[in-house]
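Trainee: Below you'll find the structure I mean.
The values are calculated or read from the model by the stated rules, or taken from the named source; none is laboratory data. The model shown is predicted, which means the values in this text are computed figures rather than measured ones. Here the Cβ positions follow ideal geometry from the backbone for every residue, glycine too, while neighbour counts run over all protein chains shown.
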Amino acid sequence: MRSFAFVLFFFVSLVSLTAQNLLSQIDSRVDLGNQDFSGEYTIVQERPGQGTSSMKAAVFRRDREDKFLILLMEPTVDRGKGYLKIGDSLLLYDPSSRRFTTTSARDRFQNSNARTSDFFRTSLADDYSIESETTEQLGAYRTRVLTLVATNTQVSFPRMKIWVDENLLIRKTEDYSLSGQLLRTTAIPRYQQFGSSYVPTQLVILDVLAGNERTALSVARASVSPVPDLVFTQGYLERTSR
Amino acid sequence: MNRGSRWLMYSLLCLFGLALFGQEEQEDPFAGLFDEVVSDTPVEEAEDPLEVPLYTELITQDPIRVEGRVSFEGGAGVGLTQWTGGELDAQGGFLMSAGASVDARPFDYLRFFGSLSTELDQSSLRFTNPAIDELFLDYTLQEWAFFRVGKQSLTWGIGLHPGLPKPGNLVGRVQDGASVRLFVPAGTNGITGLVYSTEDFLGPGPLYSDLAYAGSFETNVGPISTGFFAHYLWDDLLSGMVTAKIPLGPLDLGLQFRSDWESSQVALAHFAEPRFRVLSQVVYYQPQVPVNVLAEYIFDTQTSDNPGHMVGLGLTFPTLRILGLRPGLSWTHEFGDHSGQVILGFEGPLVPSISGTLALPAIYGDQGTYFRNQSTDLGNMVVGLGLKLTLNMTF
């Protein structure tokens with residue numbers, strides 16, 4: 001009986017390990033490793049009955065040091081505002097007051113349906129465990145559909161469903177509240193490949209909670225050329241702001 | 001089930017089916033996105049070497065930029081001068097200001113910025129002589145060291161509540177004079193060195209005693225963002241400060257500890273006890289929740305001339321609008337003299353370029369207590385109702 005329990009424990013541990021390994025592999029597809037990333041993001045938001053608004057932001061990423069910097073370029077009124085993420089902390093820079101304030105990383109990006117986490121690599125293996133798995137045809141993609149449950153409270157969403165294609169790239173996500181309410185759906189139809197890593201270059205976000213507001217993100221001038229250390233500091237935000 | 005019930009059930013099913021059909025007819029926001037497999041084309045390694053990097057272009061894309069701004073505020077208020085037996089008082093006024101700035105960036109490593117402003121004096125109805133708000137030169141050495149020289153503003157410390165003192169702002173006087181600031185990347189963030197002087201510091205002594213020296217090192221230790229700060233002024237104070245902020249679930253927790261020592265030997269004989277000031281902070285900020293919270297608590301060991309034991313609470317309601325205006329509530333309290341202030345406010349745009357603020361402020365505490373002595377829009381009133389209209393224009 002004891003040996004049966006041991007075998008059962010071993011089997012459960014193995015399945016769990018394999019599942020976490022799958023999440024690690026998914027994470028590694030969008031981890032740029034030692035490369036820096038820079039790109040120009042255009043964010044177009046359609047609010048039902050309120051028309052369309054757009055903004056543009058420059059994004060710099062350094063995955064190996066867990067840093068990114070977002071600098072708003074448009075609209076003009078927000079130009080020079082910036083977000084600097086270092087590890088788990090996120091600094092906001094307001095050029096009018098020349099002041100930095102710290103906030104948690106789950107904030108919506110500039111009151112849009114995008115979140116600051118949408119600009120960064122995922123860390124599913126650190127934050128989630130797999131609850132169930134099925135397969136599904138997503139348009140032309142044959143995908144594995146994983147239902148994930150958060151393992152900590154730092155994440156934006158306590159439950160997620162992700163559609164993963166045969167290249168282990170996430171093509172679609174559904175974000176849920178703790179009570180199981182669908183909050184947000186994201187489609188990622190296009191990635192850009194850099195060596196063995198990928199960066200999402202087109203995202204479409206549907207915010208169910210906000211009355212099906214649709215936000216489209218597209219990336220131009222994607223590059224993995226080295227970026228100076230100074231860019232990932234408060235000094236760069238002060239230097240570029242108006 | 002009788003015949004009538006069956007018909008009812010059938011009708012309901014038909015309606016349900018129609019509703020389902022109706023839902024299917026809704027436009028799919030993701031239609032066509034996955035109709036074909038997109039080849040995630042690798043980027044050719046040969047990125048144009050002559051193309052200006054994005055981090056440089058952001059700095060130099062507008063080599064020169066001139067901006068202007070005009071602001072007009074007009075307001076009126078009515079209230080009581082005392083809680084019991086007070087008189088009804090009313091006051092009104094206006095403020096007009098204008099300013100202009102120039103931002104020149106001829107090279108990615110060099111920048112000049114200057115900003116001037118003037119205000120309309122209500123008593124003489126003349127615009128005051130333009131004042132220099134900021135005037136500085138930026139120089140970046142080898143994309144590594146960032147210098148800012150001139151008249152500049154800078155804020156240190158984690159304090160956010162507008163109704164409380166900011167004990168962490170060691171460099172609050174830097175905007176009154178001229179300064180040289182250096183920033184270099186270090187740790188996960190960077191080191192700042194600052195030397196500055198103001199008119200108040202200038203004296204007959206040697207030059208070094210007319211200057212204030214400050215420095216900081218900000219970095220991250222795991223999930224904690226920390227800062228170490230120091231400020232020194234000859235014959236005045238030596239100040240040291242440590243700050244720490246950490247996200248905990250939906251909350252941001254902050255702690256700030258400041259200590260001051262008299263740096264004059266003469267003063268040291270009379271005042272050897274260092275002064276300690278602690279600020280703790282809890283922030284709950286989410287754009288789509290019914291209420292956001294900012295709570296701060298300040299403790300100061302030297303309470304004779306300063307507020308020593310204070311608390312501040314701020315509430316905003318991001319999803320709530322009353323007649324199109326955003327409500328907010330602020331409460332500040334000084335435990336030492338039991339004075340405090342409560343403000344209920346509503347703010348928002350009324351018509352294009354004009355915003356309105358409706359405020360109901362109330363001050364409590366005896367005459368001469370901290371909040372009764374604070375300069376506020378209430379003047380000599382303890383409770384009132386005020387309305388302010390603001391017109392802003394930038395060009």
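Trainee: Might you check whether a residue that is part of a loop (DSSP other than H, G, I, E, B), modelled with pLDDT under 90 and hydroxyl-bearing (S, T, Y) occurs anywhere in segment B:50-67? Full working, then the answer.
Mentor: Looking only at segment B:50-67, we keep the residues that are part of a loop (DSSP other than H, G, I, E, B), and these are B:50-53, B:61-63.
The next check asks that each one be modelled with pLDDT under 90; those that pass are B:50-53, B:61-63.
The next check asks that each one be hydroxyl-bearing (S, T, Y); those that pass are none.
No: segment B:50-67 contains no residue that is part of a loop (DSSP other than H, G, I, E, B), modelled with pLDDT under 90 and hydroxyl-bearing (S, T, Y).
Trainee: Could you look through segment B:105-132, keep only residues that are farther than 18 Å from B:T394 by Cα and surrounded by 16 or more Cβ atoms within 10 Å (Cβ to Cβ), and pick out the one that is nearest to the other protein chains (Cβ to nearest Cβ)?
Mentor: B:R111
Trainee: Applying the selection to segment A:227-242, what residues are among the polar types (S, T, N, Q) and assigned to a loop (DSSP other than H, G, I, E, B)? Working first, answer last.
Mentor: Applying the first criterion (among the polar types (S, T, N, Q)) to segment A:227-242 yields A:233-234, A:240-241.
Of everything in segment A:227-242, those that are among the polar types (S, T, N, Q) and assigned to a loop (DSSP other than H, G, I, E, B) turn out to be A:T233, A:S241.
Trainee: Let me ask something else. A:D31 versus (1) part of a loop (DSSP other than H, G, I, E, B); (2) surrounded by 19 or more Cβ atoms within 10 Å (Cβ to Cβ): which is the lone unmet condition?
Mentor: (2) is the only condition that A:D31 fails.
Trainee: I would also like to ask the following. Which fully enclosed strands (runs of 3 or more DSSP E) of segment A:164-226 have 3 or more residues being among the hydrophobic types (A, V, I, L, M, F, W, C) and under 15 Å from the mean Cα position of the chain (by Cα)? Steps first, answer last, please.
Mentor: Working: elements: A:170-176, A:182-194, A:197-207, A:213-223.
Hits in segment A:164-226: A:197-207, A:213-223.
Trainee: A follow-up question, please. Under 9 Å between Cβ atoms, at least 6 apart or on separate chains: pull out the pairs that start in segment B:130-143 with a residue that is at positive phi and in a strand (DSSP E or B) and end on any residue that is surrounded by 17 or more Cβ atoms within 10 Å (Cβ to Cβ) and of a type outside the set (F, W, Y).
Mentor: Pairs that qualify, where the first residue is at positive phi and in a strand (DSSP E or B) and the partner is surrounded by 17 or more Cβ atoms within 10 Å (Cβ to Cβ) and of a type outside the set (F, W, Y): there are none.
Trainee: Another question, if that's okay. Anything in segment B:222-232 that is surrounded by fewer than 20 Cβ atoms within 10 Å (Cβ to Cβ), among the hydrophobic types (A, V, I, L, M, F, W, C) and either more than 9 Å from chain A (Cβ to nearest Cβ) or assigned to a loop (DSSP other than H, G, I, E, B) (or both)? List them, or say none.
Mentor: B:F228, B:A230
Trainee: Give the residues of segment B:149-169 that are surrounded by 18 or more Cβ atoms within 10 Å (Cβ to Cβ), hydrophobic (A, V, I, L, M, F, W, C) and closer than 19 Å to A:G235 by Cα, sorted by residue number.
Mentor: B:L154, B:W156, B:I158
Residues are listed down the side, and each one gets a yes or a no for (1) farther than 28 Å from B:S124 by Cα; (2) of a type outside the set (G, A, S); (3) in a loop (DSSP other than H, G, I, E, B):
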{"position": "B:F72", "(1), (2), (3)": "no, yes, no"}
{"position": "B:G77", "(1), (2), (3)": "no, no, no"}
{"position": "B:W83", "(1), (2), (3)": "yes, yes, yes"}
{"position": "B:D89", "(1), (2), (3)": "no, yes, no"}
{"position": "B:G92", "(1), (2), (3)": "no, no, no"}
{"position": "B:L95", "(1), (2), (3)": "no, yes, no"}
{"position": "B:D103", "(1), (2), (3)": "yes, yes, no"}
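Trainee: With the requirement that a residue be at the interface with chain B (Cβ under 7 Å from one of its Cβ atoms) and closer than 22 Å to A:T42 by Cβ, what does segment A:223-234 give you?
Mentor: Correct list: A:S223, A:S225, A:V227, A:V231.
Trainee: Follow-up. If B:G379 passes every condition in (1) within 17 Å of B:G79 (Cα to Cα); (2) buried (at least 16 other Cβ atoms within 10 Å of the Cβ) but one, which one does it miss?
Mentor: (2)
Trainee: Further question: Let me spell it out: the conditions are (1) at pLDDT 70 or above; (2) more than 28 Å from B:Q256 (Cβ to Cβ); (3) among the aliphatic types (A, V, I, L, M), and A:L69 meets all of them except one. Which number is the exception?
Mentor: Against the list (1) at pLDDT 70 or above; (2) more than 28 Å from B:Q256 (Cβ to Cβ); (3) among the aliphatic types (A, V, I, L, M), A:L69 comes up short only on (2).
Trainee: Within segment A:184-211, take every residue that is in contact with a Leu (Cβ under 6 Å, 6 or more places away or on another chain) and surrounded by fewer than 17 Cβ atoms within 10 Å (Cβ to Cβ) and give me the one that is farthest from the other protein chains (Cβ to nearest Cβ).
Mentor: For segment A:184-211, the residue satisfying everything is A:V208.
Trainee: Criterion first (in contact (Cβ under 8 Å) with a residue 40 or more places away in the chain and at positive phi) does B:G157 satisfy it? Even if it seems obvious, please write down each step before you answer.
Mentor: Details: in contact (Cβ under 8 Å) with a residue 40 or more places away in the chain: yes; at positive phi: yes.
Criteria met by B:G157.
Trainee: Just checking, which of B:L164, B:L202 is hydrophobic (A, V, I, L, M, F, W, C), touching an Asp or Glu at 6+ places or on another chain (Cβ under 7 Å), in a loop (DSSP other than H, G, I, E, B) and at pLDDT below 90? Don't jump to the end; show me each part of the working.
Mentor: Numbers: B:L164 fails: at pLDDT below 90.
So the residue among B:L164, B:L202 that is hydrophobic (A, V, I, L, M, F, W, C), touching an Asp or Glu at 6+ places or on another chain (Cβ under 7 Å), in a loop (DSSP other than H, G, I, E, B) and at pLDDT below 90 is B:L202.
Trainee: Additional query: Quick one: which of A:A140, A:A125, A:A187, A:A150 is among the hydrophobic types (A, V, I, L, M, F, W, C) and within 16 Å of A:R29 (Cα to Cα)? Spell out the reasoning first.
Mentor: Values: A:A140 fails: within 16 Å of A:R29 (Cα to Cα); A:A187 fails: within 16 Å of A:R29 (Cα to Cα); A:A150 fails: within 16 Å of A:R29 (Cα to Cα).
Only one candidate qualifies: A:A125.
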